[in-house]
Structures are given as structure tokens and as C-alpha cells.
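First up is the structure itself, then whatever we jot down about it.
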Amino acid sequence: MSALAAALVALGLTILPANISAVVSGGKAHINVRFAAAGENVQVAVRGGQGLKVEGDEVPVSGRSVGKGERIVLDIGYQPGPDQSTLTVEVTGTYGGQSMTASQTFKVGVPSDEQRHRTRQRAAPDGQ
């Protein structure tokens, strides 16, 4: 572990092992995972939420070793839910001897009136 990483851990902060980005549109997700550190036993899992169904393998990468700066690009098909649904990408592995996970969730579709109402309720301070 680098001196910077050790200092961040001492402060209770962590460096995520991977940066996850995606373009999600029209039933396809173009996913880009860039690794901030070398890793072993890396797994990339793709999961749907709120009605979204992933087409094909939900764990397209498993047991792989990656180098610092390496990039994995995946094209995943999906069937969206009836309203706004979610696609979550989770990257797990061993980095510098530590088991770590990075995840990112992407929203797909337009929220229903009920979903918008719930979002407003969570965002509003108590009593308003």
C-alpha cells in the first residue's frame, strides 16, 4: 500500500479500486471500468433494480487479474422496467492485499408520478 493510501485509510477514507462509468440508452449499456490499482480475482457484476432485467450473464467478468490503469469495456443488453429503473455495476476484487468493492448505479427511463412523489418526500426536511 502506498504512503498516500495508508494515510487515507488512517483517516477513515479509502481510494476506490475502480472508476465505473456508463452510457445507458435504448436497451444497451456501454460500461467502462478503469482500475486505479492492480487487482486480483476481480469480478464485475451487473444487476437490475425496480423491474430492469439484465440480458445475458449478470457476472460477465470473474476471477480476472488487472493492472493499474487497465480498462474493461462491456456492452450489456437490458429490458427496462415499466417506469424508472436502475442498473447497478459492482466491481469486487483484491487490491494491495485488501478485498474492496466499488459500485455505481445508473437510472434508466422516466420516473412515474409515485416515484417522483417518494423522491420529493425523501428530499423535503421534516415538517415541510
Query raised in the report: Within region 3-25, is there a residue that is surrounded by 14 or more Cβ atoms within 10 Å (Cβ to Cβ), outside any strand (DSSP E or B) and modelled with pLDDT of 90 or more?
Result: no
Query raised in the report: When both residues are 6+ apart or on different chains and their Cβ atoms are under 8 Å apart, which pairs have a first residue that lies in region 32-53 and is within 19 Å of Pro17 (Cβ to Cβ), and a second that is among the aliphatic types (A, V, I, L, M) and outside any strand (DSSP E or B)?
Result: Ala36/Ile15; Ala36/Leu16; Ala37/Ile15; Gln43/Val59; Val44/Val59; Ala45/Val59; Val46/Val59
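Got a number for residues in region 47-57 being outside any strand (DSSP E or B) and either basic (Lys, Arg) or surrounded by 13 or more Cβ atoms within 10 Å (Cβ to Cβ) (or both)? Break it down stepwise before answering.
Here is the first cut: in region 47-57, the residues outside any strand (DSSP E or B) are 50-52, 56-57.
Still in the list and also either basic (Lys, Arg) or surrounded by 13 or more Cβ atoms within 10 Å (Cβ to Cβ) (or both): 50-52.
Of the residues in region 47-57, 3 are outside any strand (DSSP E or B) and either basic (Lys, Arg) or surrounded by 13 or more Cβ atoms within 10 Å (Cβ to Cβ) (or both).
Quick check on my filter: what residues within region 64-87 are touching an Asp or Glu at 6+ places or on another chain (Cβ under 7 Å) and either crowded, with 18+ Cβ neighbours inside 10 Å or in a loop (DSSP other than H, G, I, E, B) (or both)? Walk me through it before giving the result.
Start the filter on region 64-87 by keeping residues that are touching an Asp or Glu at 6+ places or on another chain (Cβ under 7 Å), which leaves 65, 77-79.
Scanning region 64-87 gives a single hit, Tyr78.
Given the structure, is Val61 surrounded by 13 or more Cβ atoms within 10 Å (Cβ to Cβ) and free of Cβ contacts under 8 Å to residues at least 24 places away in the same chain?
Working: surrounded by 13 or more Cβ atoms within 10 Å (Cβ to Cβ): yes; free of Cβ contacts under 8 Å to residues at least 24 places away in the same chain: yes.
Yes, satisfied.
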Requested in this report: Hey, can you tell me all the residues within region 96-117 that are over 17 Å from the mean Cα position of the chain (by Cα), surrounded by 12 or more Cβ atoms within 10 Å (Cβ to Cβ) and not in a loop (DSSP other than H, G, I, E, B)?
Outcome: Gln98, Gln115, Arg116
Requested in this report: Hey, could you check region 71-128 for residues that are touching a helix residue (DSSP H, G or I) at 6+ places or on another chain (Cβ under 9 Å) and closer than 16 Å to Gly51 by Cβ and say which is modelled with the lowest pLDDT?
Outcome: Pro111
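The values are calculated or read from the model by the stated rules, or taken from the named source; none is laboratory data. Since the structure is predicted, the reported quantities are computational estimates derived from the model, not experimental observations. Here the Cβ is made from the backbone with ideal geometry for all residues, glycine too, and neighbour counts use every protein chain on show.
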